[in-house]
Amino acid sequence: VSLQAGVFSYVRAQFDGSGYMPFGERLTLAGRVRLGTIVGAAADRIAPTRRFYAGGGASVRGYGYQAIGPRDLTNTPAGGRSLGEVSLEARFRFGSLNQFGVVPFIDAGTISPQPFPTISEMRVGAGLGFRYYSNFGPIRIDVGTPLNPQQGDSRIGVYVSLGQAF
(Lines give C-alpha, C1' and ligand atoms only; values in the text may rest on other atoms or scores of the structure.)
Protein backbone atom coordinates (compact mmCIF):
# COMPACT_ATOMS: atom_id res chain seq x y z
CA VAL A 1 0.00 0.00 0.00
CA SER A 2 1.30 3.44 -0.91
CA LEU A 3 0.21 6.85 0.38
CA GLN A 4 1.78 8.84 -2.46
CA ALA A 5 -0.79 11.24 -4.03
CA GLY A 6 -3.66 9.33 -2.43
CA VAL A 7 -3.89 5.73 -1.30
CA PHE A 8 -3.30 2.93 -3.81
CA SER A 9 -2.03 -0.63 -3.65
CA TYR A 10 0.07 -2.90 -5.81
CA VAL A 11 1.61 -6.36 -5.65
CA ARG A 12 5.35 -6.99 -6.03
CA ALA A 13 6.32 -10.61 -6.67
CA GLN A 14 9.68 -12.19 -7.39
CA PHE A 15 10.67 -15.78 -8.20
CA ASP A 16 14.26 -17.02 -7.87
CA GLY A 17 15.35 -20.50 -8.89
CA SER A 18 18.77 -22.08 -9.22
CA GLY A 19 20.09 -25.51 -10.11
CA TYR A 20 23.43 -27.25 -9.90
CA MET A 21 24.66 -30.28 -11.84
CA PRO A 22 27.97 -31.80 -10.72
CA PHE A 23 30.18 -33.62 -13.22
CA GLY A 24 32.65 -35.36 -10.95
CA GLU A 25 34.48 -33.67 -8.09
CA ARG A 26 35.91 -30.73 -10.05
CA LEU A 27 33.20 -29.45 -12.40
CA THR A 28 29.71 -28.14 -11.60
CA LEU A 29 27.32 -26.47 -14.02
CA ALA A 30 25.18 -23.87 -12.27
CA GLY A 31 22.16 -21.96 -13.53
CA ARG A 32 19.85 -19.30 -12.13
CA VAL A 33 16.56 -17.74 -13.23
CA ARG A 34 14.99 -14.64 -11.63
CA LEU A 35 11.60 -13.23 -12.67
CA GLY A 36 9.73 -10.36 -11.06
CA THR A 37 6.65 -8.25 -11.65
CA ILE A 38 4.77 -5.39 -10.07
CA VAL A 39 1.06 -5.18 -10.90
CA GLY A 40 -1.52 -2.62 -9.86
CA ALA A 41 0.40 0.63 -10.43
CA ALA A 42 2.37 2.43 -13.14
CA ALA A 43 6.16 2.46 -12.77
CA ASP A 44 6.31 6.20 -12.02
CA ARG A 45 3.87 5.80 -9.09
CA ILE A 46 6.00 3.10 -7.43
CA ALA A 47 8.70 4.36 -5.08
CA PRO A 48 12.16 4.00 -6.68
CA THR A 49 13.28 1.77 -3.79
CA ARG A 50 10.48 -0.73 -4.58
CA ARG A 51 11.13 -0.98 -8.35
CA PHE A 52 13.22 -3.72 -9.95
CA TYR A 53 16.83 -3.11 -11.04
CA ALA A 54 19.43 -5.28 -12.77
CA GLY A 55 23.16 -5.20 -13.36
CA GLY A 56 26.22 -5.82 -11.23
CA GLY A 57 27.99 -8.66 -9.43
CA ALA A 58 24.86 -10.41 -8.12
CA SER A 59 22.84 -9.84 -11.27
CA VAL A 60 24.21 -9.33 -14.81
CA ARG A 61 28.00 -9.20 -14.55
CA GLY A 62 29.71 -6.96 -17.08
CA TYR A 63 27.29 -4.11 -16.37
CA GLY A 64 27.38 -1.54 -13.59
CA TYR A 65 25.32 -1.90 -10.42
CA GLN A 66 21.62 -1.42 -11.32
CA ALA A 67 22.65 0.02 -14.72
CA ILE A 68 20.36 -2.09 -16.95
CA GLY A 69 16.96 -0.84 -18.03
CA PRO A 70 15.14 2.46 -18.40
CA ARG A 71 16.95 5.66 -17.49
CA ASP A 72 15.63 9.10 -16.56
CA LEU A 73 16.54 12.41 -18.20
CA THR A 74 19.86 12.56 -16.30
CA ASN A 75 20.78 9.01 -17.51
CA THR A 76 20.23 7.60 -13.99
CA PRO A 77 18.71 4.09 -13.84
CA ALA A 78 14.96 4.48 -13.21
CA GLY A 79 14.09 0.85 -12.44
CA GLY A 80 11.00 -0.86 -13.71
CA ARG A 81 7.90 -2.95 -13.05
CA SER A 82 9.32 -6.22 -14.34
CA LEU A 83 12.57 -8.13 -14.21
CA GLY A 84 13.95 -11.11 -16.11
CA GLU A 85 17.40 -12.61 -15.51
CA VAL A 86 19.18 -15.83 -16.41
CA SER A 87 22.74 -16.91 -15.56
CA LEU A 88 24.88 -19.91 -16.46
CA GLU A 89 28.27 -20.85 -14.97
CA ALA A 90 30.75 -23.71 -15.31
CA ARG A 91 32.55 -23.96 -11.96
CA PHE A 92 35.87 -25.78 -12.35
CA ARG A 93 37.94 -26.46 -9.22
CA PHE A 94 41.64 -27.30 -9.13
CA GLY A 95 44.62 -27.45 -6.78
CA SER A 96 45.82 -30.14 -4.42
CA LEU A 97 42.74 -29.60 -2.21
CA ASN A 98 40.42 -28.21 -4.92
CA GLN A 99 40.88 -24.85 -3.19
CA PHE A 100 41.02 -22.78 -6.40
CA GLY A 101 38.48 -22.31 -9.14
CA VAL A 102 37.90 -20.85 -12.59
CA VAL A 103 34.35 -19.95 -13.60
CA PRO A 104 33.37 -18.93 -17.13
CA PHE A 105 29.91 -17.32 -17.06
CA ILE A 106 27.21 -15.72 -19.16
CA ASP A 107 24.43 -13.60 -17.67
CA ALA A 108 21.44 -11.91 -19.29
CA GLY A 109 18.83 -9.54 -17.86
CA THR A 110 16.13 -7.05 -18.70
CA ILE A 111 14.07 -4.44 -16.87
CA SER A 112 10.82 -3.06 -18.27
CA PRO A 113 8.31 -0.38 -17.23
CA GLN A 114 5.61 -2.88 -18.31
CA PRO A 115 4.34 -5.68 -16.00
CA PHE A 116 6.17 -8.36 -18.02
CA PRO A 117 9.83 -8.32 -19.12
CA THR A 118 10.63 -8.06 -22.82
CA ILE A 119 13.43 -9.94 -24.53
CA SER A 120 14.00 -7.06 -26.98
CA GLU A 121 15.74 -5.03 -24.23
CA MET A 122 17.78 -7.99 -22.91
CA ARG A 123 21.38 -7.13 -21.97
CA VAL A 124 24.00 -9.89 -22.00
CA GLY A 125 27.31 -10.02 -20.17
CA ALA A 126 30.02 -12.69 -20.19
CA GLY A 127 33.31 -13.22 -18.49
CA LEU A 128 35.58 -15.26 -16.30
CA GLY A 129 35.68 -15.64 -12.55
CA PHE A 130 38.39 -16.77 -10.19
CA ARG A 131 37.72 -18.41 -6.81
CA TYR A 132 39.66 -19.22 -3.69
CA TYR A 133 37.68 -21.63 -1.52
CA SER A 134 38.58 -20.64 2.04
CA ASN A 135 37.29 -22.17 5.29
CA PHE A 136 34.61 -19.45 5.58
CA GLY A 137 33.45 -19.53 1.94
CA PRO A 138 34.67 -18.72 -1.53
CA ILE A 139 36.43 -15.44 -2.23
CA ARG A 140 35.23 -14.40 -5.66
CA ILE A 141 36.73 -12.16 -8.35
CA ASP A 142 34.70 -11.91 -11.55
CA VAL A 143 35.72 -9.96 -14.65
CA GLY A 144 32.92 -9.42 -17.16
CA THR A 145 32.12 -7.41 -20.25
CA PRO A 146 28.78 -6.34 -21.72
CA LEU A 147 28.12 -8.05 -25.05
CA ASN A 148 25.49 -5.47 -26.10
CA PRO A 149 26.21 -2.34 -24.03
CA GLN A 150 24.00 0.71 -23.72
CA GLN A 151 25.46 4.17 -24.20
CA GLY A 152 27.67 5.02 -21.23
CA ASP A 153 28.31 1.41 -20.10
CA SER A 154 31.89 0.49 -19.17
CA ARG A 155 33.69 -2.04 -21.33
CA ILE A 156 34.77 -4.15 -18.34
CA GLY A 157 33.33 -4.78 -14.90
CA VAL A 158 35.31 -6.23 -11.98
CA TYR A 159 33.46 -7.68 -8.97
CA VAL A 160 35.06 -8.84 -5.72
CA SER A 161 32.96 -10.50 -3.03
CA LEU A 162 32.51 -13.43 -0.65
CA GLY A 163 30.32 -16.35 -1.64
CA GLN A 164 29.09 -17.60 -4.98
CA ALA A 165 27.19 -15.35 -7.41
CA PHE A 166 24.17 -17.64 -6.81
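The values are calculated or read from the model by the stated rules, or taken from the named source; none is laboratory data. No experiment lies behind these values; they were computed from the predicted model shown. Note that we place each Cβ from the backbone using ideal geometry, even for glycine, and neighbour counts take in every protein chain shown. The protein model used for the area step is the full one, side chains on, heavy atoms only, and it has no ligands, DNA or RNA in it. Shrake-Rupley method; radii C 1.70, N 1.55, O 1.52, S 1.80 Å.
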- Query: What's the extension gain from residue 12 to residue 76 if we count 0.36 nm per residue and subtract their Cα-Cα distance?
  - Reply: 20.8 nm
- Note on the structure: For the chain, dividing by residue count, accessible area per residue (probe 1.4 Å) in Å² works out to 55
- Message: For the pair residue 114/residue 45, report the inter-label distance in nm, with labels modelled 7 Å from Cα in the Cβ direction.
- Response: 2.0
- Once you list every other residue whose beta carbon is under 15 Å from the beta carbon of residue 123, what net charge do they have if Lys and Arg are +1 and Asp and Glu are -1? 0
- Looking at the square roots a ≥ b ≥ c of the eigenvalues of the Cα gyration tensor of the stretch 30-104, which shape do they give, rounded for a/c under 1.5, prolate if a/b is larger than b/c, or oblate? prolate
- Projected-area mean, the stretch 59-154, by convex hull of Cα positions, square nanometres: 7.1
- Item | Under Karplus coefficients 6.51, -1.76 and 1.60, residue-wise ³J(HN,Hα) of the stretch 22-32 in Hz, glycine/proline x | x, 10, x, 8, 10, 10, 9, 8, 10, x, 9
- Which of the following values of mean projected area of the Cα convex hull in nm² was calculated from the structure shown: [x] 10.8; [y] 10.0; [z] 11.3? [x]
- Item | Leading residue at positive end of dipole, the stretch 34-83 (Cβ point charges), from 59, 76, 49 | 59
- Assigned charges on the beta-carbon of Lys, Arg, Asp, Glu; the stretch 30-166 dipole about Cα centre (debye): 240
